[in-house]
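Asks: Quick one: the structure is below, and I'll ask about it shortly.
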Amino acid sequence: MKNTINTLTALLTGLCFTAMGANAESIKADTVLNTPGTPAVVKPGDFSIAVIPDTQYYLAQAQLGGSFDMFLAQIDWIKKNQVKENIAYVAHMGDITEHGDNPVTARSEWYLAKKAIYGLENPVSIPYGLTVGNHDQYPSQYPVKGSTNGYNQYFGVKHFEGRPYYGGHYGNNNDSHYDKFTAGGVDFIVVFLEFDSHNEDQANLYAWANTILKENAQRKAIVVSHSIIHFNPVTGSNIPQAPFNAEGKAIYEGLKGNSNLFMMLCGHVGDNGEGYRADVYEGNTVKTFLSDYQSRPNGGNGLMRLYKFSVKKNELSVRTFSPYANINETDADSQFTVPLFDKASSK
């Protein structure tokens, strides 16, 4: 009986994947447009990038104690502190939602995601990008067989097209894309890669990313993907450094030949939810940072990160805090400083 149930389950799953695979390319949600406000001003000197970790439990019926107010508090803090912290860019680590295109929850979860994140667009437009996590795909884990209609409805190509920071996209949707911005006298590019732990399309995706990085070799590059490294082996310490997972290793091996790549960001892995590693290839150092607090109390408790860039001092400083709970984490893997680039800028 058990074997029969397993066989039926596998058959139904296969049929579901087949249907989703057939529809993933053909179903096109109408992209929601929104006229952005006045572009945010980035002053010369030190600047910051705000990073929003997995927000899935803030949207999924208050799962594990999370609440939508925590997500709103993160966005509100960024808006209120954009000038003070000289925030030049905002990156979301993926798993924006918990259930992706699941018809039972898609309408409510994606609407709430849009309601929160569009706060970065008005009245001031702060450049931002989001990476697609496994929970933003339906079925989860599958970028090719699954669909990302909700994501592309609210955060699709047409939504960002024409904005000064938007660079372009991979394929026929916005699941993988890139942005450009300038701050601290340095030109940057941020490349977002869709979650693909089952290697449905890694070769083509990473080839595209390589092309984009090479075409923008004069820009310092940040790669953002939902899953790259695990959490640190020793909680509260960056030593020894966090290990790559299989997908992260593939990303690094595929892109490490680009000497402009200096930073990678990810989420996905809860528990301690913080990780750091530095890798050197042909004299170029790539630093990778994990932040994901969904396994902490209250589904993350509104924890987020601010990365402060000092080109003059050649320093990159990490701060972990919750504007919702008014707390700061100050242990060694939550608040620390590392070299920004291999060589200090002369600017």
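The values are calculated or read from the model by the stated rules, or taken from the named source; none is laboratory data. Just so it is clear, the model here is predicted, and its values are computed rather than measured. In this analysis, Cβ positions are derived from the backbone assuming ideal geometry, glycine residues included, and neighbour counts consider all displayed protein chains. Heavy atoms of the whole protein, side chains included, go into the accessibility calculation; ligands, DNA and RNA do not. Shrake-Rupley method; radii C 1.70, N 1.55, O 1.52, S 1.80 Å.
Asks: Between a first residue in region 281-293 that is on the phi < 0 side of the Ramachandran plot and in a loop (DSSP other than H, G, I, E, B) and a second residue that is modelled with pLDDT of 95 or more and of a type in the set (D, E, K, R), which pairs have beta carbons less than 6 Å apart while being 6 or more apart in sequence or on different chains?
Replies: Close Cβ pairs (under 6 Å, with a partner that is modelled with pLDDT of 95 or more and of a type in the set (D, E, K, R)) amount to ASP292/ASP54.
Asks: So which pairs qualify, if the first residue must be in region 247-268 and without any contact (Cβ under 8 Å) to a residue 24 or more places away in the chain, the second must be surrounded by 24 or more Cβ atoms within 10 Å (Cβ to Cβ), the Cβ gap must be under 9 Å, and the two must be at least 6 apart or on different chains?
Replies: Every condition considered, the pairs that remain are LYS249/ILE228.
Asks: Within region 258-274, identify whether any single residue is modelled with pLDDT under 95, among the acidic types (Asp, Glu) and either in contact with a helix residue (DSSP H, G or I) (Cβ under 6 Å, 6 or more places away or on another chain) or closer than 28 Å to LEU72 by Cβ (or both), and answer yes or no.
Replies: yes
Asks: If a residue has to be part of a loop (DSSP other than H, G, I, E, B) and not hydroxyl-bearing (Ser, Thr, Tyr) to count, how many in region 34-76 make the cut?
Replies: Narrowing region 34-76 to residues part of a loop (DSSP other than H, G, I, E, B): 34-37, 40-46, 53-55, 60-62, 66-67.
Retained after the next criterion (residues that are not hydroxyl-bearing (Ser, Thr, Tyr)): 34, 36-37, 40-46, 53-54, 60-62, 66.
The total comes to 16.
Asks: Tell me whether region 306-324 contains one or more residues that are of a type in the set (D, E, K, R), open to solvent by less than 40 Å² (accessible area, probe 1.4 Å) and at pLDDT 95 or above.
Replies: Quick first cut of region 306-324, residues of a type in the set (D, E, K, R) only: 308, 312-313, 315, 319.
The next check asks that each one be open to solvent by less than 40 Å² (accessible area, probe 1.4 Å); those that pass are none.
No: zero hits.
Asks: May I ask you to say which residue of THR4, THR38 is more than 25 Å from PRO103 (Cα to Cα), among the polar types (S, T, N, Q), loosely packed, with under 13 Cβ neighbours inside 10 Å and modelled with pLDDT of 95 or more? Before you say what the answer is, go through the steps one by one.
Replies: On the way: THR4 fails: modelled with pLDDT of 95 or more.
Exactly one of THR4, THR38 is more than 25 Å from PRO103 (Cα to Cα), among the polar types (S, T, N, Q), loosely packed, with under 13 Cβ neighbours inside 10 Å and modelled with pLDDT of 95 or more, namely THR38.
Asks: How many residues are out of contact with any Leu (no Cβ under 7 Å at 6 or more places or on another chain) and closer than 17 Å to GLY94 by Cα when one looks only at region 72-82?
Replies: 2
Asks: Identify, please: which residue in region 238-283 is open to solvent by less than 30 Å² (accessible area, probe 1.4 Å) and of a type in the set (Asp, Glu) and is, among those, farthest from ALA217 (Cα to Cα)?
Replies: Out of the qualifying residues, it is GLU274.
Asks: For region 119-136, check the following and say yes or no: at least one residue is over 20 Å from GLY37 (Cα atoms) and open to solvent by 20 Å² or more (accessible area, probe 1.4 Å).
Replies: We begin by selecting, within region 119-136, every residue over 20 Å from GLY37 (Cα atoms); these are 131-136.
Still in the list and also open to solvent by 20 Å² or more (accessible area, probe 1.4 Å): 135.
Yes, region 119-136 contains a residue that is over 20 Å from GLY37 (Cα atoms) and open to solvent by 20 Å² or more (accessible area, probe 1.4 Å).
Asks: Among the small types (Gly, Ala, Ser), modelled with pLDDT of 95 or more and under 19 Å from ASP101 (Cβ atoms), is that true of GLY184? Spell out the reasoning first.
Replies: On the way: among the small types (Gly, Ala, Ser): yes; modelled with pLDDT of 95 or more: yes; under 19 Å from ASP101 (Cβ atoms): no.
So GLY184 does not fit the description; no.
Asks: How many residues does region 228-246 contain that are touching a residue at least 12 places away in the same chain (Cβ under 8 Å) and either part of a loop (DSSP other than H, G, I, E, B) or charged (D, E, K, R) (or both)?
Replies: Going through region 228-246, the residues touching a residue at least 12 places away in the same chain (Cβ under 8 Å) turn out to be 228-232, 235-238, 241-246.
After this cut, where a residue has to be either part of a loop (DSSP other than H, G, I, E, B) or charged (D, E, K, R) (or both) as well, the list is 228, 230-232, 235-238, 241-243, 245.
Counting residues in region 228-246 that are touching a residue at least 12 places away in the same chain (Cβ under 8 Å) and either part of a loop (DSSP other than H, G, I, E, B) or charged (D, E, K, R) (or both) gives 12.
Asks: Can you say whether SER291 is of a type in the set (S, T, N, Q) and crowded, with 23+ Cβ neighbours inside 10 Å, as far as the supplied structure shows? Working first, answer last.
Replies: Working: of a type in the set (S, T, N, Q): yes; crowded, with 23+ Cβ neighbours inside 10 Å: yes.
Judged against the criteria, SER291 is a match.
Asks: Next question. Would you check if LYS312 is assigned to a loop (DSSP other than H, G, I, E, B), touching a residue at least 40 places away in the same chain (Cβ under 8 Å) and closer than 21 Å to ASP46 by Cβ? Write out each step before concluding.
Replies: Values: assigned to a loop (DSSP other than H, G, I, E, B): yes; touching a residue at least 40 places away in the same chain (Cβ under 8 Å): yes; closer than 21 Å to ASP46 by Cβ: yes.
Yes.
Asks: What do you reckon, is VAL286 more than 27 Å from TYR142 (Cα to Cα), among the β-branched types (Val, Ile, Thr) and open to solvent by less than 10 Å² (accessible area, probe 1.4 Å)?
Replies: Values: more than 27 Å from TYR142 (Cα to Cα): yes; among the β-branched types (Val, Ile, Thr): yes; open to solvent by less than 10 Å² (accessible area, probe 1.4 Å): yes.
Spelling it out, VAL286 is indeed more than 27 Å from TYR142 (Cα to Cα), among the β-branched types (Val, Ile, Thr) and open to solvent by less than 10 Å² (accessible area, probe 1.4 Å).
Asks: Something else: Inside region 130-227, counting only helices (runs of 4 or more DSSP H) that do not spill past its ends, which hold 1 or more residues that are over 16 Å from the mean Cα position of the chain (by Cα), charged (D, E, K, R) and closer than 19 Å to ASN258 by Cα? Quick ask: steps written out before the conclusion?
Replies: Working: elements: 149-155, 157-160, 202-215.
Qualifying helices (runs of 4 or more DSSP H): 202-215.
Asks: Among the residues in region 56-71, are any under 25 Å from SER317 (Cα atoms), at pLDDT 95 or above and buried (at least 24 other Cβ atoms within 10 Å of the Cβ)? Please lay out each step first, then the result.
Replies: The initial filter retains those residues of region 56-71 that are under 25 Å from SER317 (Cα atoms), namely 70-71.
Filter once more, so that each one left must be at pLDDT 95 or above: 70-71.
Keeping just the survivors that are buried (at least 24 other Cβ atoms within 10 Å of the Cβ) gives 70-71.
Yes, the conditions are met somewhere in region 56-71.
Asks: One residue is enough: does region 173-185 have a residue meeting the conditions farther than 21 Å from SER225 by Cβ and crowded, with 17+ Cβ neighbours inside 10 Å? So that I can check it myself, show each step before the final result.
Replies: Narrowing region 173-185 to residues farther than 21 Å from SER225 by Cβ: 182-185.
Checking which are crowded, with 17+ Cβ neighbours inside 10 Å leaves us with 183-184.
The answer is yes, given that some residue of region 173-185 is farther than 21 Å from SER225 by Cβ and crowded, with 17+ Cβ neighbours inside 10 Å.
Asks: Across region 75-108, which residue is nearest to the chain's Cα centre (by Cα) among those that are over 23 Å from LEU193 (Cα atoms) and surrounded by 16 or more Cβ atoms within 10 Å (Cβ to Cβ)? If you could, list the steps in order and put the result at the bottom.
Replies: The first filter runs over region 75-108 and keeps only residues over 23 Å from LEU193 (Cα atoms), leaving 76-86, 103-105, 107-108.
Next, from what is left, pick out any that are surrounded by 16 or more Cβ atoms within 10 Å (Cβ to Cβ): 77-79, 82, 85-86, 105.
Numbers: TRP77: 18, ILE78: 16, LYS79: 19, GLN82: 19, GLU85: 20, ASN86: 20, THR105: 22 Å.
It comes out as ILE78.
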